[in-house]
Amino acid sequence: MTPPPWSIPAPVEAERVRDVERLGLLGTPPEGRFDQVTNMARRVLGVPAASLSLMDDDRLWMKSIHGLEVEEVPRDKTVCRTTIARAYRRPDDPALVIPDATADPEFAEIPGIGGPDGVRFYAGYPLYGPTGHPVGTFCVYDFEPRNLDPQQIEAFTELAEWAQRELERSAELDRAAEIQTQLLPRPLTGLEGYRIAAVCLPAFTVGGDFFDHYSRGDTLMLTVADVMGKGLGAAILSSSVRASVRGASRVLDRFGPADGAQDTGAVTTLAAEHLAEDCELTSTFVTALLAAIDLPSGTIRYTDAGHGLALVRRSDGRIEPLEEGGPPIGILPGTTWASDEAQLEPGDVLVICSDGLLDLLDEDSDPAAVWQFVQPFALPDELTAATRDLVAGRPPLDDVTVVAVRREAA
């Protein structure tokens with residue numbers, strides 16, 4: 001008996017569904033980059049509806065759809081299951097074009113086909129996952145019978161290739177996000193008398209914010225930096241910034257004067273020299289705040305390179321912003337940064353954040369909004385938890401980073 005045209009062998013189907021899951025897109029919110037493809041398809045091909053969908057083991061889920069009011073459809077009630085299977089049977093000619101689905105017994109009984117507002121014309125092209133299995137479809141529809149001429153077929157194929165590139169970009173971004181997360185420092189242990197918590201929440205899959213912390217003997221080193229821009233480009237440069245700051249700190253610790261890496265001005269200056277060409281070639285800059293806390297005394301040496309969002313929350317709740325310093329890295333080549341000092345007494349909390357938090361709190365970018373947000377929280381974990389809650393309730397347009405260090409009461 002000939003298997004139905006939508007059937008896929010069970011072992012192959014299991015691998016295909018795993019490929020769908022690898023994308024990590026099922027159930028995610030709409031994205032403009034996918035909507036651009038479906039909207040363009042409607043305009044270029046003159047059709048009233050278009051979609052980009054993923055098919056798991058029991059449903060067709062719409063990542064982007066325009067012209068039809070549907071979010072998902074049971075798999076066995078779709079034409080797309082045949083398009084998916086066709087990708088295996090006819091890999092050199094995977095597009096499925098049906099001029100009038102009501103005239104084809106294979107599809108005429110599917111709900112939504114035919115009737116007063118039903119689909120008549122269908123064209124679908126399979127989309128492929130990270131290991132090459134068909135994971136979804138790019139489709140256009142009409143409520144009247146029609147066909148695509150050779151030029152339109154070519155345009156439809158090019159649009160499908162655009163949709164495919166966006167899917168591949170999703171997989172690449174997920175991997176980039178995983179790597180970026182792995183580069184964030186692990187929680188520090190053995191900081192007797194201190195408590196530290198940090199959070200870094202990209203506005204997109206990856207971002208240009210980062211934080212770093214590590215120990216140099218009796219000194220806790222902190223960095224919070226924000227690369228101008230968002231997304232993958234900013235994320236790539238942020239990795240260079242992290243490496244340059246750590247490298248400068250290590251060089252000064254081994255070969256510099258006695259205070260070595262604790263001289264945050266010298267670290268900033270050396271790191272900026274390493275980054276000067278990168279910033280020039282990419283026409284970007286980096287704001288950063290570097291701090292070195294002497295753990296026995298609580299003395300903070302810090303350098304503010306255009307960052308401007310750092311404070312000490314005193315044990316009685318008073319907020320004391322740290323003084324702003326020199327320009328951002330990459331603005332004025334040859335700049336020399338200096339170190340300033342502050343004191344962290346028992347019960348005080350040093351807080352460094354990025355401007356993404358400020359943007360969420362105040363549309364006029366008044367730093368006082370950050371001071372008010374921080375003031376109720378005497379413990380670093382509570383502050384970072386509140387930051388996560390804030391971002392969850394109001395998705396940011398910029399990356400949000402907060403680092404908090406408390407010197408415990410004696």
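Each value in this text was obtained by applying a stated rule to the coordinates, not by laboratory testing. Source: prediction; values computed, not measured. Glycine gets a Cβ as well: all are built from the backbone with ideal geometry, and neighbour counts include every protein chain shown.
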Problem - Rounded to 10°, Cα long-axis angle of helix 80-89 versus longest principal axis of the chain - result: 90 degrees
Practice task
State the Kirkwood hydrodynamic radius of the range 8-142 in Å, one decimal place, computed from all pairs of distinct Cα atoms.
Solution key: 15.0 Å
Completion exercise
Among 309, 73, 361, the residue whose Cα sits farthest towards the positive end of the charge dipole of the chain (+1 at Cβ of Lys and Arg, -1 at Cβ of Asp and Glu, taken about the Cα centre) is 73
Practice task
Could you state the angle between the C-alpha long axis of helix 10-23 and the longest principal axis of the C-alpha atoms of the chain, as a value from 0 to 90 degrees rounded to the nearest 10?
Solution key: 40 degrees
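Given charges of +1 on the Cβ of Lys and Arg and -1 on the Cβ of Asp and Glu, with all other atoms neutral, how large is the dipole of the range 312-366 about its Cα centre, in debye to the nearest 20?
Numbers: 3 positive and 14 negative charges, 54 e Å.
Value, rounded to 20: 260 debye.
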Fill in the blank from the handout: Taking only C-alpha positions in the range 232-288, Rg and Dmax in angstrom work out to 11.9, 39
Completion exercise
In whole angstrom, the spacing between the Cα centers of the range 300-344 and the range 78-152 equals 60 Å
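Once every DSSP H run of n ≥ 4 in the chain is given -39500 (n - 2.57) and the sum is divided by its residues, what mean residue ellipticity at 222 nm do you get, rounded to the nearest 500 deg cm²/dmol?
Roughly -11500 deg cm²/dmol at 222 nm, from the helical runs in the chain.
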Fill in the blank from the handout: Reviewing [x] 25.0; [y] 21.6; [z] 19.0, the figure for mean projected area of the Cα convex hull in nm² actually calculated from this model sits under [x]
Exercise for the section: Mind putting a number on the dipole of the chain about its Cα centre? Charges go on the C-beta only, +1 for Lys and Arg and -1 for Asp and Glu, and I need it in Debye to the nearest 20. Expected result: 860 debye
Handout entry: About the Cα centre, charge dipole magnitude for the range 86-151 (Lys/Arg +1, Asp/Glu -1 at Cβ), debye
Key = 260 debye
Fill in the blank from the handout: Across all Cα atoms of the range 184-407, Rg and the largest Cα-Cα distance (Dmax), in Å, are 16.2, 48
Problem - Selected from 21, 154, 320 as most flexible by GNM, with the chain as the system and alpha-carbon contacts under 10 Å - result: 154
Problem - Burial ordering of 128, 141, fewest other beta-carbon atoms within 10 Å first - result: 128, 141
Practice task
Would you mind pulling out the separation of the Cα centroids of the range 1-20 and the range 253-279, in Å?
Solution key: 58 Å
Exercise for the section: Measure nothing but the geometry: give the 0 to 90° angle between the long axis through the Cα atoms of 264-282 and the longest principal axis through the Cα atoms of the chain, rounded to 10°. Expected result: 30 degrees
Practice task
Using packing as a proxy for protection, rank 9-15, 40-46 so that the peptide with the highest average count of other Cβ atoms within 10 Å comes first.
Solution key: 40-46, 9-15
